Amino acid sequence: MISIPSILEQLKISSLNVMQETAIQSIEKNNDTVLISPTGSGKTLAFLLPVFSLLKKDIEGIQAIVIVPSRELAIQIESVFKQMGTPFKVNCCYGGHQVRVEENNLSEPPAILIGTPGRLSHHIRKNNIDLSLTSILILDEFDKSLEFGFKDEMEFIIKNCKSLKKRILTSATELSEIPNFVGILKPEVLNFSVSKNSTEPKKLVTKYVRVEEDDKLEALMLLLGSIKDQSIIVFCNHRDAVDRISEQLYIHKVEHGFYHGGLEQLERERTLIKLRNESTRILISTDLASRGLDIPEIGTVIHYQMPFTEDAMVHRNGRTARMHANGTVYYLLDKEDFLPKFVHDNPTEEALPKTFKLPKPSLWQTLYLSAGKKDKINKMDIVGMFLQKGNLQKEDLGKIEVLDFSAYVALKRNKIEQTLLHIKNEKIKNKKIKIEIAI
């Protein structure tokens with residue numbers, strides 16, 4: 001059996017943090033564990049490692065089920081488990097792509113099934129999955145699932161798990177209560193949330209900007225131009241505000257990505273890939289990007305519109321100053337706006353510059369390849385082709401992500417045009433593929 005140290009080596013992780021070590025011990029020892037820990041602290045690995053240790057090779061069927069509030073989180077957890085290199089099958093179910101693909105995958109039951117409540121409920125009703133032998137239940141980002149209105153679906157799924165022996169519930173914020181349908185009776189509660197009265201030195205700097213005129217959008221543009229060489233997320237309450245800001249940035253030729261629930265799954269995946277590989281530095285988003293996404297450390301968070309609740313603010317701000325990094329949060333206030341009562345720190349005022357400076361584009365740009373894992377193509381194939389046929393050096397290549405039917409490669413921006421000329425007619429594993437700049 002593969003050991004946890006070998007898995008960490010596979011993941012290129014030198015050691016676990018205190019929260020992860022504590023969670024692993026609790027999950028192995030207790031029937032019920034509730035883990036409360038901030039966004040970005042490593043909760044996914046904290047439950048996947050002990051769950052892997054509990055899986056048995058001689059059992060056919062779904063041994064563990066992970067219920068999550070969003071497709072992005074489902075994809076992220078599946079990706080981490082696959083990277084662990086275990087012999088166990090994992091599948092992922094979520095809305096936004098063909099049910100038929102999932103039905104084919106589920107014809108041979110996985111050891112671990114990850115999914116959103118709606119899609120999992122669908123598969124149960126269609127008899128595509130059998131949870132009668134499932135012994136481990138993980139409710140990841142449980143508070144978000146409740147907030148999204150998935151109570152009935154989750155209750156239905158859990159009722160179909162007739163053999164549960166272990167329940168794991170995770171959340172980024174403290175829970176007021178746990179509904180009875182979850183079945184958690186006497187859990188060990190691990191609370192690693194940041195105390196408001198913590199004496200630790202603050203890594204998060206908070207500021208507010210008062211909009212002098214009536215044009216908040218113009219104020220945002222001035223602020224974006226003044227922030228140097230950092231990744232930025234601008235949070236809005238509604239998708240129309242996201243679209244409006246994106247249009248303005250497009251007019252001014254400011255490179256950026258935008259993200260909300262109205263986009264197709266492929267568009268959302270591409271946006272996150274470009275954020276991860278640093279070819280996009282500015283992301284405009286609703287609260288959909290505030291949690292449960294596999295994205296890198298963000299240098300600056302801007303509240304274009306004030307969040308409605310303290311939880312929403314905590315999750316937004318949690319995208320920066322994570323773990324050992326520093327970060328800055330800006331509250332953008334109209335003349336008549338005020339800071340919500342749940343803003344407990346004392347942000348300092350910052351004046352806006354008088355003129356707009358165009359933010360510098362990233363050093364990287366992303367290329368799209370029309371082949372992926374299902375075509376038996378891996379990262380090494382792509383690296384070999386780019387280095388040998390594209391006349392590139394290793395430092396010219398950035399992050400590479402290979403999906404089922406496509407791949408994305410970060411390339412130094414100043415090498416893009418020349419490289420495309422060199423490789424436009426090349427093949428990978430004798431397969432002719434389309435290679436173009438990812439829009």
- How many residues does segment 317-347 contain that are hydrophobic (A, V, I, L, M, F, W, C) and outside any loop (DSSP other than H, G, I, E, B)? 3
- Exactly one of I158, I227, I136 is of a type in the set (A, V, I, L, M), at pLDDT 95 or above and touching a Gly at 6+ places or on another chain (Cβ under 9 Å), and that residue is I158
- If you check I377 against the conditions, is it buried (at least 19 other Cβ atoms within 10 Å of the Cβ), under 29 Å from the mean Cα position of the chain (by Cα) and either among the charged types (D, E, K, R) or modelled with pLDDT of 90 or more (or both)? yes
- Message: On the basis of being hydroxyl-bearing (S, T, Y), in contact with a Phe, Trp or Tyr (Cβ under 9 Å, 6 or more places away or on another chain) and farther than 30 Å from E426 by Cα, does Y408 make the cut?
- Response: no
- Query: Does I67 satisfy being within 23 Å of R319 (Cα to Cα), modelled with pLDDT of 95 or more and either surrounded by 23 or more Cβ atoms within 10 Å (Cβ to Cβ) or within 19 Å of the chain's Cα centre (by Cα) (or both)?
  - Reply: yes
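Yes or no, residue by residue, for (1) under 23 Å from P109 (Cβ atoms); (2) among the basic types (K, R); (3) free of Cβ contacts under 8 Å to residues at least 12 places away in the same chain:
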residue	(1), (2), (3)
I24	no, no, no
V34	no, no, no
S41	no, no, no
T44	yes, no, no
K57	yes, yes, no
E60	yes, no, no
V66	yes, no, no
- Message: Which of the numbered conditions does A46 fail, given that it passes all the others? Conditions: (1) part of a helix (DSSP H, G or I); (2) surrounded by fewer than 21 Cβ atoms within 10 Å (Cβ to Cβ).
- Response: (2)
- Message: Can you tell me which of (1) surrounded by 14 or more Cβ atoms within 10 Å (Cβ to Cβ); (2) of a type in the set (A, V, I, L, M); (3) assigned to a helix (DSSP H, G or I); (4) modelled with pLDDT under 95 is the one V101 doesn't meet?
- Response: (1)
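Whether any residue in segment 417-433 is within 19 Å of T280 (Cβ to Cβ) and either of a type in the set (F, W, Y) or touching a residue at least 24 places away in the same chain (Cβ under 8 Å) (or both) is what I want to check.
No, segment 417-433 contains no residue that is within 19 Å of T280 (Cβ to Cβ) and either of a type in the set (F, W, Y) or touching a residue at least 24 places away in the same chain (Cβ under 8 Å) (or both).
So which residues in segment 230-254 are part of a loop (DSSP other than H, G, I, E, B), under 24 Å from M306 (Cα atoms) and modelled with pLDDT of 90 or more?
S231, C236, N237, H238, V254
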- Task: Among what's in segment 11-41 and is of a type in the set (G, A, S) and either surrounded by fewer than 18 Cβ atoms within 10 Å (Cβ to Cβ) or in a helix (DSSP H, G or I) (or both), pick the residue that is farthest from the chain's Cα centre (by Cα).
- Result: S26
- Task: Of the conditions (1) buried (at least 22 other Cβ atoms within 10 Å of the Cβ); (2) touching a helix residue (DSSP H, G or I) at 6+ places or on another chain (Cβ under 8 Å), R244 clears all except one; give me its number.
- Result: (1)
- Task: Give the number of residues within segment 385-412 that are under 29 Å from the mean Cα position of the chain (by Cα) and either surrounded by fewer than 15 Cβ atoms within 10 Å (Cβ to Cβ) or within 16 Å of R276 (Cα to Cα) (or both).
- Result: 17
- Message: For P87, only one of the following conditions fails: (1) under 28 Å from I400 (Cα atoms); (2) in a helix (DSSP H, G or I); (3) modelled with pLDDT of 90 or more. What is its number?
- Response: (2)
- Query: Does any residue of segment 337-357 turn out to be at pLDDT 80 or above, closer than 20 Å to F192 by Cα and surrounded by 15 or more Cβ atoms within 10 Å (Cβ to Cβ)?
  - Reply: no
- Of (1) farther than 24 Å from L288 by Cβ; (2) touching a helix residue (DSSP H, G or I) at 6+ places or on another chain (Cβ under 9 Å), L224 satisfies every one except (1)
- Could you tell me whether segment 284-297 includes any residue that is in contact (Cβ under 8 Å) with a residue 24 or more places away in the chain, assigned to a helix (DSSP H, G or I), over 30 Å from D404 (Cβ atoms) and not charged (D, E, K, R)? no
- Reported set for segment 222-249 where residues are farther than 19 Å from G299 by Cβ and either among the small types (G, A, S) or in contact with a Cys (Cβ under 8 Å, 6 or more places away or on another chain) (or both) is A241, V242, S246
- Name the one entry in H303, H315 that is closer than 17 Å to N237 by Cα, buried (at least 17 other Cβ atoms within 10 Å of the Cβ) and either aromatic (F, W, Y) or modelled with pLDDT of 90 or more (or both). H303
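Within segment 261-279, take every residue that is assigned to a helix (DSSP H, G or I) and of a type in the set (D, E) and give me the one that is surrounded by the fewest Cβ atoms within 10 Å (Cβ to Cβ). Outline the logic, then answer.
Taking segment 261-279 first, the residues assigned to a helix (DSSP H, G or I) are 265-276.
Then keep just the ones that are of a type in the set (D, E); that gives 267, 269.
Details: E267: 14, E269: 19.
Within segment 261-279, the match that is surrounded by the fewest Cβ atoms within 10 Å (Cβ to Cβ) is E267.
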- Inter-residue pairs, beta-carbon under 9 Å, first without any contact (Cβ under 8 Å) to a residue 40 or more places away in the chain and buried (at least 19 other Cβ atoms within 10 Å of the Cβ) and in segment 134-158, second hydroxyl-bearing (S, T, Y) and assigned to a helix (DSSP H, G or I), 6+ apart: E153/S121; E153/S145
- Of the listed residues (I298, I282), the one being buried (at least 22 other Cβ atoms within 10 Å of the Cβ), within 30 Å of L45 (Cβ to Cβ) and in contact with a Lys or Arg (Cβ under 7 Å, 6 or more places away or on another chain) is I298
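The values are calculated or read from the model by the stated rules, or taken from the named source; none is laboratory data. What you see is a predicted model, and the numbers here were worked out from it, not measured in a lab. Using ideal geometry, Cβ is built from the backbone for each residue, glycine included, and neighbour counts are taken over all protein chains shown.
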